[in-house]
Amino acid sequence: MIQSMTAFATAKGAIPGHDWTWDLRSVNGKGLDLRLRVPDWIEGLDPALRARLGQVLARGNVSLTLRLNSADASGQVAVNPDRLEDVLRAMALVEDRAMSSGLSLAPATAADILTLRGVLEAGTGESDSTALCAALLADFEPLLTDFLAMRAAEGAALAQILHAQLDEIARLTQAAQDLLAQRSADIARAHQTALARLRDSATDLDPARLAQELALLAVKLDVTEELDRLRAHVRAALTLLESGAPVGRKIDFLSQEFNREANTLCSKAQHSGLTEIGLSLKTVIDQMREQVQNVE
């Protein structure tokens, strides 16, 4: 069964010293675009989450946000010495360049430095980060299960809509097929009327050339191939819907082919009934293309 690219899931979790809230959601996209907002001081969390999402998702713009609160009993924070050293070196370089250019900079205070990203952080040791990462990854699985369940439920609803639209395309294609005999008779009568007018107004008509032109016109107006391709596209789309694999791009391509055949059918129609069927086909196909944009 197909999957939808539209879904969301939220969850909360906690261990002693920490509590958190997950927010996972996705919308349609041409490829798989993962946007994660997780604390960068938890070593290994971001790559592990990306790898897990990549195992189960093929397409979609996916955003994952983790809001983490630390309930450290000591309430202490710590200075990251490596980050501080980098900042101080950068400040010294800037001051030297400014002095060589004749510029005077206001001195930076300790408070200014502490507000820079990464200099001051929660006092969390490596062992605590490792344990926290493991707890978060374990807690992520139920969230992912709920998220995938919603994508599956949305996919099932999409499949019903697409099946109904394909059934309608098949019905309209058969209606066009059934109309061909009447269309041929109507066109033949119209040609006979036109020929009668020509015979009355012209005396030098070449019967052989006239027959040749009528034969060429009949070939140009033949829509058998278009109807055959429409039926073939319906069968191919139904097969894709039942494949269980990510088929959104393939069905999107097929919907473009559907539209091409419907356009050709309308251009060749030369009959009000067939034109009406062609326009109805285009309407259903456009509706189907909108739905297909959400298929993974």
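The values are calculated or read from the model by the stated rules, or taken from the named source; none is laboratory data. From a predicted model like this one, the values you see are computed outputs, not experimental measurements. Cβ sites come from the backbone with ideal geometry, for glycine too, and all protein chains shown count toward neighbours.
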Only unsatisfied item for Asn80, checking (1) under 30 Å from Trp22 (Cα atoms); (2) more than 39 Å from the chain's Cα centre (by Cα); (3) modelled with pLDDT under 80, is (3)
Tell me, please, whether a residue that is under 24 Å from the mean Cα position of the chain (by Cα), in contact (Cβ under 8 Å) with a residue 40 or more places away in the chain and in the same structural domain as Asp167 (by TED's automatic domain parsing) can be found in the range 253-270. yes
Identify, from the list Arg231, Arg209, Arg199, the residue that is modelled with pLDDT of 65 or more, charged (D, E, K, R), in a helix (DSSP H, G or I) and farther than 15 Å from Thr275 by Cβ. Arg231
Test Ser280 against the stated conditions and say whether it is at pLDDT 95 or above, assigned to a helix (DSSP H, G or I) and within 20 Å of Leu179 (Cα to Cα). yes
Would you check if Leu53 is touching a Lys or Arg at 6+ places or on another chain (Cβ under 9 Å) and not assigned by TED's automatic domain parsing to the domain that holds Glu242? no
